[in-house]
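Participant: Below you will find the structure I want to go over with you.
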Amino acid sequence: MILHDFSYIVLPPRAGDLAEDVRALLEANDKAKTYRHVRDVAEANAAIARRYHLDDDKCRAAALLHDVSAVIRPADMLAWVDKHGLPTCEAERKHPFLLHQRLSRVMAEEYFGVADVEILAPIECHTTLKENATSYDMALFIADKLAWDQEGTPPFFDAVSDALNHSLEAASLAYMDYMVDNGLLLCPHVNWTAAQGWLRSL
Ligand SMILES: [Fe+2]
Ligand SMILES: [Fe+2]
């Protein structure tokens with residue numbers, strides 16, 4: 001199990017309630033701020049679910065779990081994928097924190113026992129998105145950005161919210177274009193580039 005590879009991670013007892021178990025794990029590892037963020041993302045993703053007729057419970061679960069790998073140190077993320085022979089792209093090697101989306105999926109499966117791909121797949125691409133993303137993928141991608149983990153309102157909030165009135169695809173592209181057009185992308189991940197090209201082609 002992935003978390004047994006990191007001796008510093010505290011594993012609290014589990015109650016069997018997803019929100020409670022995510023809270024306990026994050027707070028036991030000094031990530032209370034991350035818990036507040038994922039709780040906000042869960043509300044934002046549930047609102048998107050209602051608007052776009054997606055399964056509310058799946059959207060909440062994906063949101064609660066999307067950043068659980070915050071309990072793993074970024075430097076350890078790269079070592080872990082290398083140790084397990086998993087491929088990485090240039091962006092992940094330069095900025096190992098990008099790997100947190102993949103490791104959160106592994107934790108969702110191995111620690112939280114989630115098997116539903118409509119919960120797991122959005123977790124795995126919530127930072128970069130990917131080509132041919134599903135509605136569940138795009139919903140979490142957008143919810144994570146609208147309920148971001150920094151102070152105040154995101155500068156792209158109005159553009160993405162307006163586009164969300166049109167479609168999940170338009171909102172995803174509005175965020176990606178904002179980031180690229182304003183030079184805010186640290187290093188383009190292969191999945192990000194493919195997703196942006198795909199969305200533009202629709
Ligand atoms: Fe994240
Ligand atoms: Fe997040």
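Participant: Can you tell me which residues in segment 7-24 are closer than 18 Å to residue 100 by Cα, out of contact with any Phe, Trp or Tyr (no Cβ under 8 Å at 6 or more places or on another chain) and open to solvent by less than 40 Å² (accessible area, probe 1.4 Å)?
Facilitator: Within segment 7-24, 9 is the sole residue that qualifies.
Participant: Against the condition at pLDDT 95 or above, open to solvent by 40 Å² or more (accessible area, probe 1.4 Å) and within 16 Å of ligand 2 (Cβ to nearest atom), how does residue 124 come out, does it pass?
Facilitator: yes
Participant: Assess whether residue 98 counts as being farther than 23 Å from residue 17 by Cα, within 13 Å of ligand 2 (Cβ to nearest atom) and not basic (Lys, Arg).
Facilitator: Considered against the rule, which asks whether it is farther than 23 Å from residue 17 by Cα, within 13 Å of ligand 2 (Cβ to nearest atom) and not basic (Lys, Arg), residue 98 comes out as yes.
Residues are listed down the side, and each one gets a yes or a no for (1) outside any helix (DSSP H, G or I); (2) in contact with a Lys or Arg (Cβ under 9 Å, 6 or more places away or on another chain):
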residue	(1), (2)
102	no, no
108	no, no
115	yes, no
120	no, yes
123	no, yes
127	yes, no
137	no, yes
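Participant: Here is a check on your reading of the model: is residue 95 in contact with a Pro (Cβ under 8 Å, 6 or more places away or on another chain) and farther than 12 Å from residue 191 by Cβ?
Facilitator: no
Participant: Of the conditions (1) within 16 Å of ligand 2 (Cβ to nearest atom); (2) among the aliphatic types (A, V, I, L, M); (3) in contact (Cβ under 8 Å) with a residue 40 or more places away in the chain; (4) over 24 Å from residue 50 (Cβ atoms), residue 140 clears all except one; give me its number.
Facilitator: Status for residue 140: all satisfied but (4).
Participant: Which of the residues that make up segment 25-45 are open to solvent by 20 Å² or more (accessible area, probe 1.4 Å) and of a type in the set (A, V, I, L, M, F, W, C)?
Facilitator: 28, 32, 44
Participant: From the list 71, 81, 41, which one is of a type in the set (Val, Ile, Thr) and more than 15 Å from ligand 2 (Cβ to nearest atom)?
Facilitator: Matching residue, one of 71, 81, 41: 81.
Participant: Report yes if some residue within segment 170-178 is out of contact with any helix residue (DSSP H, G or I) (no Cβ under 9 Å at 6 or more places or on another chain), more than 16 Å from ligand 2 (Cβ to nearest atom) and open to solvent by 50 Å² or more (accessible area, probe 1.4 Å); otherwise report no.
Facilitator: Within segment 170-178, not a single residue is out of contact with any helix residue (DSSP H, G or I) (no Cβ under 9 Å at 6 or more places or on another chain), more than 16 Å from ligand 2 (Cβ to nearest atom) and open to solvent by 50 Å² or more (accessible area, probe 1.4 Å).
The values are calculated or read from the model by the stated rules, or taken from the named source; none is laboratory data. In this text, all values refer to a predicted model and were calculated from it rather than measured experimentally. Quick reminder, even Gly has a Cβ in these numbers, built from the backbone with ideal geometry, and neighbours come from all protein chains shown. Heavy atoms of the whole protein, side chains included, go into the accessibility calculation; ligands, DNA and RNA do not. Shrake-Rupley method; radii C 1.70, N 1.55, O 1.52, S 1.80 Å.
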